[in-house]
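First up is the structure itself, then whatever we jot down about it.
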There are 2 protein chains.
Amino acid sequence: MMAERRRGTVRDLRRDNRSVLLWSLYFDQPRSRQDLSRTTGLSPASVSNVVRDLIDEGIVIEAGSVDSDGGRPRVLLRINPDHGYVVGVDVGETRVRVELFDLAMTERAKADYPLDPRERGVDVVVDRILAGLAAVLAGSGVGSSAVLGVGVGVPGVVEQGPEVLVHGQTFGWDAVPLERLLRAGTDLPLHIDNGAKTMGQAELWFGAGRGAQHAVVGLIGSGVGASIITRGSTHRGSTSSAGEWGHTTVMVGGRSCRCGSSGCLEAYVGAEAILDRYGRALPGDDQESALAALIEAAATSAAAAEVLDQTALYLGAGIADLINLFNPERIILGGWAGLLLGEKLLPAIREAARRHALRHPFAETSIELCRLGPDAVALGAATLPVEHLLNGTAASATRQNRSAG
Amino acid sequence: MMAERRRGTVRDLRRDNRSVLLWSLYFDQPRSRQDLSRTTGLSPASVSNVVRDLIDEGIVIEAGSVDSDGGRPRVLLRINPDHGYVVGVDVGETRVRVELFDLAMTERAKADYPLDPRERGVDVVVDRILAGLAAVLAGSGVGSSAVLGVGVGVPGVVEQGPEVLVHGQTFGWDAVPLERLLRAGTDLPLHIDNGAKTMGQAELWFGAGRGAQHAVVGLIGSGVGASIITRGSTHRGSTSSAGEWGHTTVMVGGRSCRCGSSGCLEAYVGAEAILDRYGRALPGDDQESALAALIEAAATSAAAAEVLDQTALYLGAGIADLINLFNPERIILGGWAGLLLGEKLLPAIREAARRHALRHPFAETSIELCRLGPDAVALGAATLPVEHLLNGTAASATRQNRSAG
DNA sequence: GCGGATTAAATCACGCCATGAATTAAGCCG
DNA sequence: CGGCTTAATTCATGGCGTGATTTAATCCGC
């Protein structure tokens, strides 16, 4: 049942080498066999052998050749974007979004369902997801058998045990067996993860985190979360709940937080907290436009400017904590509120972080903004099945199970 | 030069399997081949083959057999404690300690040199280390060629680049090439690391952290540091300075810290800070006895009790931050001050951590005290060459270089 | 337009590996 | 002292990566 990743046999060696080649190619296309041999350390002979298999399977295709001056031209290789398709689902606080991508992560179809805050029941969300799945398949003309898997990003903690359980505080979900519930409506491989983590992975693969081994993607919306990347992959901790940056304490005995504690970072720099600290009416009927208005007002209102100054101070301290503890190469700030704040306050945030972090690790860390838009949650969710394809884990096995089941 | 860890060839596969067997055996001795086959997943045939090599090399020896009722008895295997020896060095703030162990980590010799705070120059420390090395070799009768390597735990950040550099704030060291300097006096393999990290590794291997995949070892002395273990090994970050727990901000705009920032955890729960916060004269001419006296006084003095209550509060908040960010299985509290405080305050610390951490990850985390004494820094440093032996990296290569040089 | 030079890629022979099956070793028990 | 049982080794087999060799595909100079 459990796809125990075996090691130790000579066959696993091949799978690993194959995986190394696929990863290398996926993030640097197109490339020649020679080039792959150099960067992976595998011999040209092995690259040839493995690539032949990959071409036979249709994962890799030849893509023209590069001119030479006096020798056989190098044939360029790339991942076949149409070898398979992946679906990413973003279960957000106000909507369920489903997107279908090819392997080059080009969007091929999209479906969007608003989610009434009063009806965040599991069954409603499951319905939306399955409806969206059917819609993107129909809309793109992609057959179900061509889909490698479905990634789902959800709010709350996702416990990756023998049965995947979702604990979503904001949704009132407690130990919801989302995978099992979705299984009733689809037999595609499912990958469920926390939305902040999928968004972090999207930034890591395609955004501001490209190439980083150690990074933290901080997400500021109404609340505050983070995705922590160590050694090139997302840190989950012992029960998959790592990355709760928003509830680290930056002020012992400070403002009370909706989590029940006090002095949490989220109680100062979350959008809700910022607006609450300002304490006056602002134009805009939602948090997003209200925060934009507050930032606008800071040019003329001392009170607004003061709130933003404080926000930069606390946020800088929170970032400094990440730098001191993790020593990352990069801190990437995102989320809708993070981007709004970052555009205006990034210099102030950097300065506050500098003051609160140790000199040496701070000097080695760059603080940047996310490069991908709010769709990054779905995009990141869609990378989950791709990750399995590149690793050579389960993908084909699950496919077999599926056709056998 | 650089011992690039190769992968991909069928030979590396053998090295990996060998390593798996060695690790498995090292932490669960003695065991039969059968047992090893079961727990590692390797076939009995492979275990036999690899073990034969290991016995030929002298790393593993047979150690009796287990009675059977009606079958050939299982032969028990264990690591040969005398296959080689390792040296651990603890460069502390007030002394240099050098210890020699066999592979079972039984201490075979020890040398101790006080370090005058006025003479913490690099040359003095190097002299002490080399003198201690000579002393433990002489004292144990172990020949230099039988030593697998020397681990050195130092205060400050250790940058593991092409040349190992030590940045020690308390010692006034800036980019000190300690390895190169020691190399002038010995040709043994050297492994240099931060003292908090070596101590963390000692607790992970032999103390309160045994078996944990994710843990944080928090060390409280005059200052505050930590060793963060993720996926079973120490997290170093991009420039090896990760784990600076003491300088995370628990109180924006709070007490100023010797690092130049303010509101650092260390400015509240470091021994120096605690004594400073109490602000009255205490019996005892050093921090250690003064802190003990303060804890003693808390039984009768409301002011002393108040200081300790506050300490537990801040420390609990700091621990909660670790829990929220890392979601570890265990938090292990150590350092001389950490142990003093922990003995009295552990319930209060746990309660403060509970209040500041999210419910779910807190419930999955145990908060304990270190089990090893203050010698753990040297012990942990000595595990560094053992780690290389178990991994099959460099050890033999370095040995060859040595005899060739 | 054609051979030689040049570089890329595929093929081949070899050595090494893990493994299931078969075999040998080493003890119990009646 | 033979069966019986279990541990450990040995053997034959199929895979694998690799350096050396061969084939493929281009350019260049004449």
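The values are calculated or read from the model by the stated rules, or taken from the named source; none is laboratory data. Worth saying up front: this structure is predicted, and the values here are computed from it rather than measured. Backbone-built Cβ (ideal geometry, glycine too); neighbour counts: all protein chains shown. The area values use the complete protein model at the heavy-atom level, side chains included, leaving out ligands, DNA and RNA. Shrake-Rupley method; radii C 1.70, N 1.55, O 1.52, S 1.80 Å.
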- Looking at the stretch A:156-197, which of its residues are open to solvent by 20 Å² or more (accessible area, probe 1.4 Å), assigned to a helix (DSSP H, G or I), touching a strand residue (DSSP E or B) at 6+ places or on another chain (Cβ under 6 Å) and among the aliphatic types (A, V, I, L, M)? A:Ala196
- When residues of the stretch B:323-367 are limited to those that are more than 14 Å from chain A (Cβ to nearest Cβ) and of a type in the set (Lys, Arg), the one farthest from B:Val250 (Cα to Cα): B:Lys344
- Taking B:Val216, is it within 11 Å of chain A (Cβ to nearest Cβ), open to solvent by less than 10 Å² (accessible area, probe 1.4 Å), more than 21 Å from A:Glu329 (Cβ to Cβ) and in a strand (DSSP E or B)? yes
- Task: Give the stretch B:233-270 a look and list any residue that's touching a Phe, Trp or Tyr at 6+ places or on another chain (Cβ under 8 Å) and not aromatic (Phe, Trp, Tyr), or say none.
- Result: B:His235, B:Gly237, B:Ala242, B:Val250, B:Met251, B:Val252, B:Gly254, B:Arg255, B:Leu265, B:Val269
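Each row is one residue, and each column tells you yes or no for (1) surrounded by 24 or more Cβ atoms within 10 Å (Cβ to Cβ); (2) away from chain B (no Cβ under 14 Å).
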site	(1), (2)
A:Asp286	no, yes
A:Ala293	no, yes
A:Ala299	no, yes
A:Ala303	no, yes
A:Ala312	no, no
A:Ile319	yes, no
- Which one of B:Gly153, B:Gly200, B:Gly209 is open to solvent by less than 10 Å² (accessible area, probe 1.4 Å) and part of a strand (DSSP E or B)? B:Gly153
- Task: Report yes if B:Thr300 is out of contact with any helix residue (DSSP H, G or I) (no Cβ under 6 Å at 6 or more places or on another chain) and either within 26 Å of B:Pro374 (Cα to Cα) or at pLDDT below 95 (or both), otherwise no.
- Result: yes
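Here is a yes/no grid of residues against (1) in contact with a strand residue (DSSP E or B) (Cβ under 8 Å, 6 or more places away or on another chain); (2) among the hydrophobic types (A, V, I, L, M, F, W, C):
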site	(1), (2)
B:Asn17	no, no
B:Leu21	no, yes
B:Ser32	yes, no
B:Leu42	no, yes
B:Ala45	no, yes
B:Val51	yes, yes
B:Leu54	yes, yes
B:Ala63	yes, yes
B:Tyr85	yes, no
- Task: Could you check, for the stretch A:6-24, whether at least one of its residues is within 7 Å of DNA strand D (Cβ to nearest atom), within 14 Å of chain B (Cβ to nearest Cβ) and surrounded by fewer than 16 Cβ atoms within 10 Å (Cβ to Cβ)?
- Result: yes
- Query: Which of the residues that make up the stretch B:125-145 are open to solvent by 30 Å² or more (accessible area, probe 1.4 Å) and either closer than 30 Å to B:Trp245 by Cα or small (Gly, Ala, Ser) (or both)?
  - Reply: B:Arg128, B:Ala131, B:Ala134, B:Ala135, B:Ala138, B:Gly139, B:Ser140, B:Gly141, B:Gly143, B:Ser144, B:Ser145
- Reported set for the stretch B:68-100 where residues are at pLDDT 95 or above, more than 16 Å from DNA strand D (Cβ to nearest atom) and in contact with a Ser or Thr (Cβ under 9 Å, 6 or more places away or on another chain) is B:Pro81, B:Tyr85, B:Val86, B:Gly88, B:Asp90, B:Leu100
- Query: Would it be correct to say that A:Glu62 is within 16 Å of DNA strand D (Cβ to nearest atom) and more than 14 Å from chain B (Cβ to nearest Cβ)?
  - Reply: yes
- In the stretch B:62-75, what residues are more than 11 Å from DNA strand C (Cβ to nearest atom) and open to solvent by 50 Å² or more (accessible area, probe 1.4 Å)? B:Glu62
- Message: Taking the conditions exactly as written (more than 16 Å from DNA strand C (Cβ to nearest atom), at pLDDT below 95, exposed (fewer than 15 other Cβ atoms within 10 Å of the Cβ) and not in a helix (DSSP H, G or I)), does B:Ala3 satisfy them or not?
- Response: yes
- May I ask you to list pairs of residues, at least six apart or on different chains, whose Cβ atoms are under 8 Å apart, with the first in the stretch A:9-33 being touching a residue at least 40 places away in the same chain (Cβ under 8 Å) and hydroxyl-bearing (Ser, Thr, Tyr) and the second being more than 12 Å from DNA strand C (Cβ to nearest atom) and open to solvent by 60 Å² or more (accessible area, probe 1.4 Å)? none
- Could you say which residue among B:Ser144, B:Ser65 is under 17 Å from B:Gln29 (Cα atoms) and in contact with a Ser or Thr (Cβ under 9 Å, 6 or more places away or on another chain)? B:Ser65
- Message: Can you tell me how many residues within the stretch A:36-59 are away from every other protein chain (no Cβ under 14 Å), open to solvent by 50 Å² or more (accessible area, probe 1.4 Å) and more than 12 Å from DNA strand D (Cβ to nearest atom)?
- Response: 3
- Task: Could you please give the count of residues in the stretch A:321-341 that are open to solvent by less than 20 Å² (accessible area, probe 1.4 Å) and over 23 Å from A:Gly92 (Cβ atoms)?
- Result: 9
- Message: Let me spell it out: the conditions are (1) hydroxyl-bearing (Ser, Thr, Tyr); (2) open to solvent by 20 Å² or more (accessible area, probe 1.4 Å); (3) without any contact (Cβ under 8 Å) to a residue 60 or more places away in the chain, and A:Ser227 meets all of them except one. Which number is the exception?
- Response: (2)
- Note on the structure: Taking the stretch A:233-260 and the residues there that are in a strand (DSSP E or B) and open to solvent by 10 Å² or more (accessible area, probe 1.4 Å), the one that is nearest to the other protein chains (Cβ to nearest Cβ) would be A:Met251
- Task: Name every residue in the stretch A:342-364 that is closer than 25 Å to B:Trp173 by Cα and open to solvent by 20 Å² or more (accessible area, probe 1.4 Å), in order of residue number.
- Result: A:Arg354, A:Arg355, A:Leu358, A:Arg359, A:His360, A:Phe362, A:Ala363, A:Glu364
